[in-house]
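Have a look at the structure below, then the notes.
The values are calculated or read from the model by the stated rules, or taken from the named source; none is laboratory data. From a predicted model like this one, the values you see are computed outputs, not experimental measurements. Heads up, the Cβs are rebuilt from the backbone with ideal geometry, glycines too, and the neighbour counts pull from every protein chain shown.
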Ligand SMILES: Nc1ncnc2c1ncn2[C@@H]1O[C@H](COP(=O)(O)OP(=O)(O)OP(=O)(O)O)[C@@H](O)[C@H]1O
Ligand SMILES: [Mg+2]
């Protein structure tokens, strides 16, 4: 059974008189353990699609099913609960809470989940170790480089044992070497823990890492191939 | 951890936080400090009113209250006092007096005033004249023609100690009677009006002049505790049941003061609300600014699965901490200031002529009332949190998609 199913999703944005068809009848399904990239030109609907899968935005038509749960049948509070426990996010920027240190940022989702304090700290430290940031655990985001911040974000996304991690252009603000480092960490996580990753990208190098590449154009799937 | 995060968030923009805190501090500070000053003024007005020959409780012959004529008198004050002595709580003091409207004149001036016949020994602790005189000497019990006048009257009459003053009034037979007194002493009061209003002679000489035999016009009773007035007045009333005497409390005799004190508590609440409204605009604006600045963050928290109620709570905790710190500092400042002023009193003589008119003396001792302190803090904390709900709700409603669009 697929972990993510997108069924006939439409999304139209209205800006003044013009309507933008950001997503146009999208059908997509991802198996658990996928490492998939969504690519396409700017404005093709990558972010919109990821927001739909993450339950951050709701489709006009169609349904999204994650981990067996139908979004169309859930209210905001249930969606929040699902995001908290089953979905990890890595955004392009502003991923971290500025007043929290690296380890506290990683702990924070576990706090919301109600994990106990000692266990929180242990798991967060172990996670930081996996992304190679043990030494920086006590630093605030402002004291970390862009690449380090994204690694903390990955650690946070994974530490809560989600079914899927959604990453919207996670490497866009990084130089190619740092970006590749981040990607390698994500690939490792995917292999070792069998976490499903879906990320969007413009970057050819990032696309090369993906096991599956979905190409969007004007809100429609232009191409979908597995490697 | 929630508290810790709130604490860190507060200090992300120290300048802004300090500005809200200062607003809260000034608000609480003015609420408490000015209210205790006003309470001090009211207490002063009450003490002065009671000391100005009023007393907590007064016994009049029937009819005298409505028509203060010498034809009404208490024939035997000692007998009355013996009947009511049981109703007196500890440390009660009393004085019986003759009181009549009179005209005073000398070669150049004349004025209407109140001639009061007193037993000087009784007045100590009962009325201001018990404190004695500024110049010259106090009248004694048996003085036949000695009179004590106020400083302001002395000046107005352009006279001095040793000179004569003619007092003219109606006696018991409604005949005009007059008597020449010699000024032996001058009293001072904090109010010039009191100095002009009253002149004092011995009770016996007044009784003699007015043909009252042993009669008096009033018995004035002062209690150690003003709060007991009502109950004591009732027992006195019971004890005197059947006699043709009337019992009044200061609330009857000083109706202006009574109604003033009655509206005072309401006035304080209103005054707190006015200060608070001024403060609230600052709080709401600044909190809103802080929320909009952190829009991305609230969007992120939402994306991570934080429930709106939790976000709302976190913003309220932040403003609660700011309010509590501000209120605490405001209390310290206010209570410190009140204690400093209470030690020496505050001299309002710059405003005094106007204040005297209202019956307030120029030196005020602030009175800190716990109820006011609680009310001030309650208003600031409860309403402060209430107005913070608005920015907090704004924060909780930010969606991740909105937040991402907002760069
Ligand atoms: N909140 C919105 N209001 C109006 N139009 C929107 C909104 N969000 C997206 N759109 C429009 O929908 C279309 C798809 O946007 P989307 O952000 O999904 O593209 P994208 O593929 O992520 O682009 P980019 O590579 O630039 O991030 C675009 O034309 C965009 O202008
Ligand atoms: Mg995008």
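The table that follows gives values for the structure above.
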{"item": "Pairs where the first residue, in the stretch A:53-75, is within 13 Å of another protein chain (Cβ to nearest Cβ) and free of Cβ contacts under 8 Å to residues at least 40 places away in the same chain and the second is surrounded by 13 or more Cβ atoms within 10 Å (Cβ to Cβ) and assigned to a strand (DSSP E or B), C-beta under 8 Å, 6+ apart", "result": "A:55/A:64; A:55/A:66; A:55/A:87"}
{"item": "Residue within the stretch A:93-106 that is in contact (Cβ under 8 Å) with a residue 40 or more places away in the chain and within 16 Å of ligand 2 (Cβ to nearest atom) present", "result": "yes"}
{"item": "Members of the stretch A:197-214 that are in a strand (DSSP E or B), surrounded by 20 or more Cβ atoms within 10 Å (Cβ to Cβ) and more than 16 Å from ligand 2 (Cβ to nearest atom)", "result": "A:197"}
{"item": "Residue match in the stretch A:86-97 (condition: away from ligand 1 (no atom under 13 Å from the Cβ), within 14 Å of chain B (Cβ to nearest Cβ), surrounded by fewer than 23 Cβ atoms within 10 Å (Cβ to Cβ) and part of a helix (DSSP H, G or I))", "result": "yes"}
{"item": "Single residue of the stretch A:44-60 satisfying the filter (in a loop (DSSP other than H, G, I, E, B) and in contact with a strand residue (DSSP E or B) (Cβ under 8 Å, 6 or more places away or on another chain)) that is farthest from ligand 1 (Cβ to nearest atom)", "result": "A:55"}
{"item": "Residue match in the stretch A:110-118 (condition: within 12 Å of another protein chain (Cβ to nearest Cβ), in contact (Cβ under 8 Å) with a residue 40 or more places away in the chain and more than 16 Å from ligand 1 (Cβ to nearest atom))", "result": "yes"}
{"item": "Residue check, residue A:173 on the phi > 0 side of the Ramachandran plot, within 14 Å of another protein chain (Cβ to nearest Cβ) and either within 16 Å of ligand 2 (Cβ to nearest atom) or surrounded by fewer than 20 Cβ atoms within 10 Å (Cβ to Cβ) (or both)", "result": "no"}
{"item": "Pick from the stretch B:371-401, criterion more than 30 Å from residue B:304 (Cβ to Cβ) and free of Cβ contacts under 8 Å to residues at least 24 places away in the same chain, ranking: nearest to the other protein chains (Cβ to nearest Cβ)", "result": "B:382"}
{"item": "Among (1) away from ligand 1 (no atom under 16 Å from the Cβ); (2) exposed (fewer than 15 other Cβ atoms within 10 Å of the Cβ); (3) more than 29 Å from residue B:9 (Cβ to Cβ) - the single one residue A:142 does not satisfy", "result": "(3)"}
{"item": "Output for the stretch B:69-82, where each listed residue is out of contact with any strand residue (DSSP E or B) (no Cβ under 7 Å at 6 or more places or on another chain) and either over 15 Å from residue B:245 (Cβ atoms) or at pLDDT below 90 (or both)", "result": "B:69, B:71"}
{"item": "Yes/no for residue A:165 being in contact with a strand residue (DSSP E or B) (Cβ under 6 Å, 6 or more places away or on another chain), away from ligand 1 (no atom under 13 Å from the Cβ) and not in a loop (DSSP other than H, G, I, E, B)", "result": "yes"}
{"item": "From B:125, B:121, B:132, B:185, residue being without any contact (Cβ under 8 Å) to a residue 40 or more places away in the chain, surrounded by fewer than 20 Cβ atoms within 10 Å (Cβ to Cβ) and within 26 Å of residue B:48 (Cβ to Cβ)", "result": "B:121"}
